[in-house]
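Read-outs throughout are calculated quantities, based only on the coordinates presented, and are distinct from any laboratory measurement. Here the structure is a predicted model, which means the values were calculated and not measured. Please note: Cβ atoms are built from the backbone with ideal geometry, for glycine as well, and neighbour counts cover all protein chains shown.
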Amino acid sequence: MFFQQLVNGVTLGATYALIALGYTMVYGIIQLINFAHGEVYMIGAFVGLIMVAVYKVNFFIALLAAMAVCIPLAVLIERVAYRPLRNSTRLAPLISALGVSIFLQTLVTLIKGDPNPLGFPHVIQDTVYALGPVKFSLIQVVILIVASLLMVFLEITVKYTKIGKAMRATSEDYETANLMGINVNHVVSFTFAAGAALAAAGGVLVGMYFNSINPFMGVTVGLKSFCAAVVGGIGSIPGAMLGGLLLGIAEVFGVAAGFDTYKEAISFGLLIIILLFRPTGLLGHPIQRKV
Amino acid sequence: MEGVLSILTNPYYNQVLTMMGIFLIAALGLHLITGVTGQFSFGHAAFLSIGAYSSALMTIYLHTPFFLNMLVGGLLAALFGILLGIPSMRLTGDYLGITTLGFGEIVRIVFINTKITGGAMGLGGIPKETNIAIVYILVVLTVFSLYRIQNSRFGRALAAIREDEIAAETMGINVYWYKIKAFAVGTFFAGVSGALFAHMMQYLNPSDFGFSRSFDILNFVVLGGLGSIPGTILGTAVLSLAPEFLRFVKEYRMLIYGALMILMMIFRPYGLLGNVDLVRVFRSLRSRGAGKGTVSGDS
Amino acid sequence: MRKRIYLFALVALLAVALLAAGCGGSKDAPKAAGGDTIKIGFLGGKTGAHAHYGIETLKGMQMAVDDINKAGGVLGKKLEIVEGDHGSNSSEAANVTQKMITQKVVAIVGDPTTGITKTAAQICQPAKVVLLSAGAVGTGVVEIGDYIYRDTLLDAVAAPAVTKYLSEELKWKKVALVTTTGLSYSESLTAIFKPALAKYGVEIVAEQSIMEKDTNFSAQVTSLSQKSFDGVIFTGYYTEGALFMKEMRKQGLNQVMAGGDGLLGQELYQLGEKAVEGSMVYAGFAVDSKNAVGITKEFIDKYQAKNNNSKPDMFAAQGYDAVMMLAEAMKKANSADPTVFKEALAKTKDFKGVTGTITFDANREPIKSPVYLQEVKNSEFVVKTVIPTA
Amino acid sequence: MPVLLELDHMTIRFGGLIAVSELNMQVEEGKIGSLIGPNGAGKSTVFNVITGIYTPTRGKVTFKGQNITGLKPYAITSLGIARTFQNIRLFKNLSVLDNVKIGRHCRAGGGIFGALTRHPGIKREEKTIAEKSLSALDLVGLTAKKNEQARNLSYGEQRRLEIARALAAEPVLLLLDEPAAGMNPQEKQTLMQMILNIRQTGVTILLVEHDMKFVMNISDCVDVLDYGCKIASGTPSEVQKDPAVITAYLGKEVG
């Protein structure tokens, strides 16, 4: 029972982590809570659904297609709604992010015709593997593998490539990076693109795992993933992974322990407690007071 | 004059304007927290719900007078504001924002799970006590109080905190404590607004106080012009009336609403009345530049 | 300084007031003046999370209005629907209800949900406009006043009848009870099922709570897998119901579920696929193509002709009946004045609607018969049995 | 002359970096003291410790015989220490007069209740705040600009406004962090006169300044910091001749 719940928690946490990475990278670079990120995830799920239901492609093609749609979408969102506001007050881009969020939810609802959830066709068999008393379904295995691969890929990109170094420099000091000849606009676009790719993958995986997608699915998942990013230490990539897993596990065990009616509060409660003791999250750098 | 009369007699305008006034009081409270003191709060609806439920329960079970219940609602909201502020006011910026958001969600979920508030089924049977006159008298009182607060030693200290916390602290301002005080006053108004809401709708449901309501109120404050009372009034008016005016576009309504939010921010990132100091405009009109010694902390 | 503040506040208030009056006033005035039609309001979400109910209710209402107008209208006047979309937001629902009242509707049909119905009822009652909800099932609705009605099959009537059937015919002795917390519909239904289950000797071996819009039920199902039971009583909506059953199948549990009309919607089998085969849903209306007769059959045929052959659901049928009941009450009272025809409406007895017979009891609560218990078979709702209520 | 401010073996460390080490320093009442040293010597850090923004890792700060180590900045201000900042920290979107009024915060007591009622006590208090603030503005010559927004002032005016804001707190000890930075010679001359005038009113002054001519002309005593350590102390003329100071500023001569 304990290990079974742990498997459930880790699977859920892996999807939170995928989405949390997008929040954390964007925040690390331009200190913006990209509230529209949840909608990118939602659109990723819909694109994945269309690909498997209408074009009958296999799972990996659907995953790539979702990424292919979400990447330009996220870059466009940044261009239109955030870039003009980069030097404005902190709240202005936040409000326009909410605007983007409402716009995309309504747009998808209108295109779809109603806000009702849609099921996801079976592209992965319902095979169940048993490891002693613990059961893994194939889809859980796929989620864990795909999520891990993507995160490793991201970590390599950020650590060892030129654009990754530029990202780290920009998140360290935006102004100086700019002066040092880094094209920060490129870096920001790349960051949004990378976050969108992960969110799109998250959307498709979650759609398949839970078998239901709807135009408003990005709202709560987005908020919880953002919590995960903050819990782990916003701006920190390993932090987002840690935060995601922690929240996923806490949620599953909270429900198992009988706090099922408080399920939605678990993530937020954990967030507040962690922030009070570590004001910048588990793996975040402490803020140095600059005078 | 005919227009004004028709508002008082036409129940629809009456309803819409009363609602607008109720949310304006809440928005003015948030204005003090976010606009004047510069602290993010993404959970304002929680304080509305605290004021709403507590006043409604008093009305239903204790039969105490409405004004007392409203006052208690406001004070209870302020108490929770202080309780939340004590641990979290050391957090800055977005971290404070996300903490208040979390608090807001937790309060909503607690109300869902509470028996006496009717849980998810909601709380009905609240007598109607709110009317447009009471609401707008309170709006005027709120505006008046906020003007007085902003033009006082207390208000100047809050503005100083918004401008530069470290400088404020070296000027002798206990930044932490002043932030909590600002939070208490701002959430008091939210509680009063909640009490009015409860006795207007006569039925409360926790889903009325989700984070989308908090962001709506934040929108009112930011879109009108952060830190400006006239801006908050204008923002609230435009955004509460916009959905009503946009009814004719039917299902495209929220699409346009979302697009409007983006466009307004792009073209007026400081809000509709941001960087327009009405008091100064007013004064220069009145006395052609030779103003009196008092300058508002409102810009 | 002081003068300036007062002056400013006054100017601001006036500006806002004039803005509202100037923009809103001109549009509605001529409409309200026209007296050649009888206006009936539709209150519901055409957008937002529960839009499905609203859209279907409106479809049914429109069909009823078309039928009535084709037959010459009511009292020599045509019926007209005034639409009030509230986007599933309660403070907007209050605004739009008030707006329809100023547009001189004599009655409002809606909202399909209990919460918003209560909000609207608080406005309709003092305004002396009839509110007839085609969907509200929660408690404390008609108690608000004598202008407030509903034409739904009440769970308090239906759930015990269904429980009796489950216990006596299907021999369910142990059940797991799953509630969607935060959803008033589900919590009320659970509260009705509990005594009913006890009365017919069915033991609740496990209780689980889930949340609305939740998609991950692995923890709850893992907990259930430790118990043995004959079936699941699921009191929530179809989305969660379908996903919950899927998770059960995933974890190797094969019991079926039974629940109320919250489970009713093609999404149940579209989402649930094989996992919901055999699941049972009761409702006050069902398309029983083979056995349907009379006006029910006519209604089904007409709806299918209009909507690409898709079948009408309960909300469409109740929306249809709501308008028909209102029209009949107006004819009986020979008046389209709500203060007059509400008396006739309250006396409605054995009204033959497309959803069955409806009688309002002394408390104006609807007594409906029968209950349609349906079963999912090959991805379709098939009527399993029709249970008459006492 | 009695000692007003004393630093006793004050050490502050940021992570592995020792910013100031074992600093002993005194400022006598009624004097103008200066703290000089090359960039990064830790001068501003000393100010930040005195005003309570940083808590020293070791050592003690005594003001008027009272141990103020570890007190919060606002508490230290009300005891009578006010300061300006090297990188000007005005309340940029507020008016010039409001900036100064905020400086007087610690010398008044009106709270929320007073703000709402404006009872006679508060009216009197506000009147005093306005008068004192205006006279502080007068002292730095900014009376004419009292209704301007602070961000619209010129650089030199902003520096002067910071001084006025600090003066409004009626300090016993005034800390000025590079007050002459970015000023032209004429402005510096005015500033010097202004500082002397302030001293005349009985305020003790401690300066951090890079302009040697300015420091040497105005100071009664000078302390020199290099790499967080005090290397010299004395009257301007003593310090000027000190070989350690010359080395620190010009580097060691080869050979």
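Principal axis extents of the Cα atoms in the stretch B:68-126, from largest to smallest and rounded to whole angstrom, are 41, 27, 13.
Using Cβ point charges alone (K and R +1, D and E -1), the dipole size of the protein assembly as shown about the Cα centre works out to roughly 1960 debye.
Over all distinct Cα pairs, what is the inverse of the mean 1/r for the stretch A:2-217, reported as the Kirkwood hydrodynamic radius in Å? Over the stretch A:2-217, the inverse of the mean reciprocal pair distance is 18.1 Å. Residues whose amide H falls under 5 Å from that of C:THR37, counting only those 5 or more places apart or on a different chain, are absent, with hydrogens built in the peptide plane. Over 31 Å, how big is the tail of the calculated P(r) for chain B, in percent of all Cα pairs? That fraction is 29 percent. Other residues within the sphere of radius under 14 Å centred on the Cβ of B:ALA45, judged by their own Cβ, net out at -1 (K and R +1, D and E -1). Since only A:LEU283, A:ALA66, A:GLY113 are under comparison, the one whose Cα sits farthest along the positive direction of the charge dipole of chain A, derived from C-beta charges on Lys, Arg, Asp and Glu, is A:LEU283. On the principal axes of its alpha-carbon atoms, the stretch A:1-120 has extents of 48, 39, 25 Å, going from largest to smallest. Cα convex hull, the protein assembly as shown: 184 Å³ per residue, rounded to a whole number. For the stretch D:80-169, the relative contact order is 53 percent, taking Cα pairs closer than 8 Å that sit 6 or more residues apart in sequence and dividing their mean separation by the residue count. Quick note on chain C: its Rg to Rh ratio, both from C-alpha atoms and Rh being the Kirkwood radius, is 1.03. Converting the Cα gyration tensor eigenvalues of the stretch C:302-390 into ellipsoid dimensions via √(5λ) gives semi-axes, longest first, of 30, 18, 8 Å. Inter-chain neighbour count for A:200-209: the average number of beta-carbon atoms from partner chains within 10 Å of each residue's beta-carbon is 1.
From the cross-link list C:LYS46/C:LYS99; C:LYS39/C:LYS128; C:LYS171/C:LYS297; C:LYS250/C:LYS384; C:LYS118/C:LYS332; B:LYS128/B:LYS181, which pairs have alpha carbons spaced over 22 Å apart? In this structure, C:LYS171/C:LYS297; C:LYS250/C:LYS384; C:LYS118/C:LYS332; B:LYS128/B:LYS181 lie more than 22 Å apart at Cα.
A protection proxy built from the mean count of other Cβ atoms within 10 Å ranks the segments C:342-351, C:242-251, most packed first, as C:242-251, C:342-351. With viscosity 1.567 mPa s and temperature 4 °C, the Kirkwood radius over alpha carbon pairs of the stretch C:118-159 converts through Stokes-Einstein to a diffusion coefficient of 124 µm²/s. In chain D, the DSSP beta bridges split such that about 55 percent are antiparallel, to the nearest 5. For chain A, the longest principal axis of the Cα atoms and the long axis of helix A:217-232 meet at an angle of about 60 degrees.
Orientation-averaged projection of chain D equals 15.5 nm² [convex hull of Cα atoms, one quarter of hull surface area]. Counting, for every residue in D:43-54, the Cβ atoms of other protein chains within 10 Å of its Cβ and taking the mean gives 2.
Taken one residue at a time, the phi angles of the stretch C:201-209 give Karplus couplings (6.51, -1.76, 1.60, θ = phi - 60°) of x, 9, 8, 8, 8, 8, 10, 10, 10 Hz. Gly and Pro are set to x. In terms of packing, defined here as the mean over residues of other Cβ atoms within 10 angstrom, the peptides B:35-48, D:226-239 line up highest first as B:35-48, D:226-239. Helix A:37-53 axis versus longest C-alpha principal axis of chain A: approximately 40°, rounded to the nearest ten.
Can you tell me, using C-alpha contacts under 8 Å and at least 6 residues apart, the relative contact order of chain C as a whole percent? Each step should come with its number before you reach the end.
Working: 764 pairs, mean separation 60.4, N = 390.
Across chain C, relative contact order equals 15 percent.
For the stretch C:127-174, the relative contact order works out to 31 percent when only alpha carbon pairs closer than 8 Å and six or more residues apart are counted. Taking label points 7 Å from Cα along the Cα-to-Cβ direction, B:TYR61 and D:THR117 give a separation of 3.4 nm. Normalising by residue count, the stretch C:156-283 has a Cα convex hull of 88 Å³ per residue.
Restricting the count to DSSP beta bridges whose residues both fall in chain C, what percent are antiparallel, rounded to a multiple of 5? Here the share of antiparallel DSSP bridges comes out near 35 percent. Across the stretch C:318-357, the residues whose backbone nitrogen lies under 18 Å from the label position 7 Å along the beta-carbon direction of C:ASN291 are C:353-357.
Can you pull the semi-axes for the stretch D:1-54, root of five times each eigenvalue of the Cα gyration tensor, sorted largest first, whole Å? Could you put the intermediate results ahead of the total?
On the way: eigenvalues 92, 30, 18 Å².
The answer is 22, 12, 10 Å, longest axis first.
If Lys and Arg each add +1 and Asp and Glu each add -1, what is the summed charge of the other residues whose beta carbon sits under 12 Å from the beta carbon of B:ILE33?
So the surrounding residues net to +3.
Basic side chains Lys and Arg get +1 at the Cβ, acidic Asp and Glu get -1 at the Cβ, and with that the dipole of the stretch C:156-283 about its Cα centre reaches some 360 debye.
Place a label point 7 angstrom from the Cα of C:ASN334 along the Cα-to-Cβ direction, then list the residues of the stretch C:49-93 whose backbone nitrogen is under 13 Å away. Within reach of a label on C:ASN334: C:75. Within chain C, helices built from complete DSSP H runs that reach 30 Å or longer along their own axis (Cα positions) and carry a mean Kyte-Doolittle hydropathy of 0.5 or higher are C:2-33.
For the stretch B:1-129, rounded, prolate or oblate, judged on the Cα gyration tensor with a ≥ b ≥ c (square roots of eigenvalues), a/c < 1.5 rounded, else prolate if a/b > b/c? Here the stretch B:1-129 falls in the oblate category. Note on the stretch D:23-154: Cα Rg divided by 2.2 N^0.38 Å, N the number of residues, gives 1.25. Looking at the protein assembly as shown alone, DSSP beta bridges between its own residues are antiparallel in about 45 percent of cases. Placing a label point 7 Å from the Cα of A:HIS186 along the Cα-to-Cβ line, the residues of the stretch A:13-35 whose backbone N sits under 20 Å from it are A:26, A:29-30.
The stretch D:17-81 and the stretch A:180-235 have Cα centres spaced 47 Å apart. Distances between placed amide hydrogens fall under 5 Å for C:GLY44 paired with C:GLY84, C:HIS86, all partners being 5 or more residues away or on another chain. Helix by helix through chain B, keep the DSSP H runs that span 27 Å or more along the axis on Cα and average at least 1.0 on Kyte-Doolittle, and give those back in order. Helices meeting the span and hydropathy rule in chain B are B:11-30, B:66-88, B:93-112, B:175-201.
Summarising the overall dimensions of the stretch D:38-95 from its C-alpha atoms, the Rg and Dmax are 12.9, 40 angstrom.
Only helical runs count toward this figure. For chain D, summing -39,500 (n - 2.57) over DSSP H runs of n ≥ 4 and dividing by all residues gives -11500 deg cm²/dmol at 222 nm.
In this structure the amide hydrogen of C:MET280, modeled in the peptide plane, comes within under 5 Å of the amide hydrogens of C:MET257, C:ALA258, C:GLY259, none closer than 5 places in sequence on its chain.
Descending by average beta-carbon neighbour count within 10 Å, the peptides C:289-299, C:217-227 line up as C:217-227, C:289-299, the highest first. Normalised by 2.2 N^0.38 Å, with N the number of residues, the alpha-carbon radius of gyration of the stretch D:120-183 equals 1.22. Convex hull volume of the Cα atoms of the stretch C:90-154, normalised per residue: 65 Å³.
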